[in-house]
1. Yes or no: the stretch B:101-113 includes at least one residue that is within 29 Å of A:C227 (Cβ to Cβ) and crowded, with 16+ Cβ neighbours inside 10 Å.
2. Please find, among A:T313, A:T302, the residue that is open to solvent by less than 10 Å² (accessible area, probe 1.4 Å) and either of a type in the set (S, T, N, Q) or more than 25 Å from the chain's Cα centre (by Cα) (or both).
3. Got a sec? Which of A:D51, A:D28, A:D99 is more than 30 Å from B:T40 (Cα to Cα) and touching a helix residue (DSSP H, G or I) at 6+ places or on another chain (Cβ under 9 Å)?
4. Please state which one of A:A207, A:A272, A:A276 is among the small types (G, A, S), part of a helix (DSSP H, G or I) and open to solvent by 50 Å² or more (accessible area, probe 1.4 Å).
5. Being in contact (Cβ under 8 Å) with a residue 40 or more places away in the chain, within 14 Å of chain B (Cβ to nearest Cβ) and out of contact with any Cys (no Cβ under 8 Å at 6 or more places or on another chain), is that true of even one residue in the stretch A:254-277?
6. Kindly state which helices (runs of 4 or more DSSP H) lie completely within the stretch B:1-117 and contain at least 3 residues that are under 25 Å from A:G18 (Cβ atoms).
7. Being touching a residue at least 24 places away in the same chain (Cβ under 8 Å), surrounded by 17 or more Cβ atoms within 10 Å (Cβ to Cβ) and within 14 Å of another protein chain (Cβ to nearest Cβ) is the requirement here; does A:K282 meet it?
8. Restrict the check to the stretch A:353-362 and report whether at least one residue is open to solvent by 10 Å² or more (accessible area, probe 1.4 Å) and on the phi > 0 side of the Ramachandran plot.
Amino acid sequence: MEENLLITPLHASHVALGAKMSPFAGFDMPIQYSSILNEHEAVRTAAGMFDVSHMGEIFVSGPDAERYVNHVFTNFAPTEPGKIVYGMLLKEDGGTVDDLLVYREAEPQHYLLVVNAANIAKDFAHLKAHAGGFDVKIDNQSEHWGQIALQGPGAEKIAVEVLGETKAASLGFYEFYDSSRGGKRMIVSRTGYTGEDGFELYASPEATVELWNTLLKAGVVPCGLGCRDTLRFEAGLPLYGDELSDHISPVEAGLGMFCKLDKEFVGRDALAAQKAEGVKQKVVGLEIEGKAVARAGYPVLTPEGAEVGVVTTGYHSPSLGKSLCFALVDAAHAALGTPLAVRVRTRSFPCVVVKKRFYQPNYKK
Amino acid sequence: MSKVQEGLLYSESHEWVRVEGPNAFIGISDFAQEEMGDITWVDIPDLDNVMKGEEFGALESVKASSDLYSPVTGTVSERNTDLEDAPELLNEDPYANWIIRVHMSDPSELEDLMDAAAYEAFIAK
């Protein structure tokens, strides 16, 4: 293990299960246990679970919390307790600081912000920097929470069984409720990052370990970050650092629907200008002929060979059996059906612009 | 524990060589396929010649790509076209499925490779 890597409460469990470990976002994380393909298949057809304890939990509360969240968050802060909304934090120039989930807690003026592991410190600093004039408390509790994502068509049945709570089944997509495990608070959230139905279970570090072992006994397949990436990719979901970044705005990433320009928020004017003038670059989906795999950083070309973009994520899709990628390309070449090419090492392979949602998600309504 | 097959020669970049007269059949070791995981594409460009220590193609797995290095110098006389449609053969039986056949121009280069016992010790490190 490399020095200075952080670990999650489940680290020993991963090692005991024989996982291949690798650094991710500063944490020593499991990439796969058996095979990425098998784990991918388990989530699409049955139930898999991921250790996502590295994700950040930042609590925001205070008399101005709702007004403040709406000031930093591109989407509308959820108004009803138990509701969750996806959106972004932006820089003034429209570049993306992070994408995140905002949970509206039971108590008025209380929110939970769930952010990417790699961005916890950056987000916390950004949130503090934009809190001037707001009476709010911003509390980074990331170290005190573990998180397990239970995902797949079998997740509901297992969640009801393992949690012993039938209300897990009646929970709608992007809703959550409060429960407890091991004498501490647990959050049961119907969310995920795989394109399948499922739950994200936030609990204390100790309860997370107990829950993981209980889920293992219930037959849930432990899944590493390898298939987490193939699953989210097929479902057309962006990964911060690849399809969203300091230099890629949500509008450029095709996520404009999560940015409400009819309210004021940090970065709003930059996005409005991008919408009015048209963006210069866009994230697109590409379908490549044959088995060629386009990896992040590979050049995207016109059929004539002019460089017009770069691949951000690419796989031979396990569920669809096709070679697919996301790429950031000049807006002039981003229309569906545009013929392009990707250069893989020494050769170029023809491809065509397609919709990014390669796989139709099966979310609970 | 990765299998190491007797009778083959191995490179430090985990290719194996099976020598039949002037021909070198080149594949990847069990250790290499285990490290890569599920292989989805064997990318072998149309090369006439390969040089010892230089790339002759790459393997793509779900996880990552990995360059292939030729353990010998010579003329590429054949490519295993079975792998075009069934790259997973390299996962299933890496020693039964060679990738390219090279007509060697300098068989003395084989002396730089490891035998099965030496390779076993090498990957155990």
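The values are calculated or read from the model by the stated rules, or taken from the named source; none is laboratory data. A quick note: this is a predicted structure, and the numbers were derived from the prediction, not measured. Glycine also receives a Cβ, built like all others from the backbone with ideal geometry; neighbour counts cover every protein chain displayed. SASA here: full protein model, heavy atoms, side chains in, ligands and nucleic acids out. Shrake-Rupley method; radii C 1.70, N 1.55, O 1.52, S 1.80 Å.
1. no
2. Working: A:T302 fails: open to solvent by less than 10 Å² (accessible area, probe 1.4 Å).
Answer to the check: A:T313.
3. Working: A:D51 fails: more than 30 Å from B:T40 (Cα to Cα); A:D28 fails: more than 30 Å from B:T40 (Cα to Cα).
Only one candidate passes the filter, namely A:D99.
4. Every option except A:A276 fails the conditions.
5. No, every residue in the stretch A:254-277 fails to be in contact (Cβ under 8 Å) with a residue 40 or more places away in the chain, within 14 Å of chain B (Cβ to nearest Cβ) and out of contact with any Cys (no Cβ under 8 Å at 6 or more places or on another chain).
6. Numbers: elements: B:30-36, B:82-85, B:89-92.
Passing ranges, in order: B:30-36, B:89-92.
7. On the way: touching a residue at least 24 places away in the same chain (Cβ under 8 Å): yes; surrounded by 17 or more Cβ atoms within 10 Å (Cβ to Cβ): yes; within 14 Å of another protein chain (Cβ to nearest Cβ): no.
Judged against the criteria, A:K282 is not a match.
8. No: the stretch A:353-362 contains no residue that is open to solvent by 10 Å² or more (accessible area, probe 1.4 Å) and on the phi > 0 side of the Ramachandran plot.
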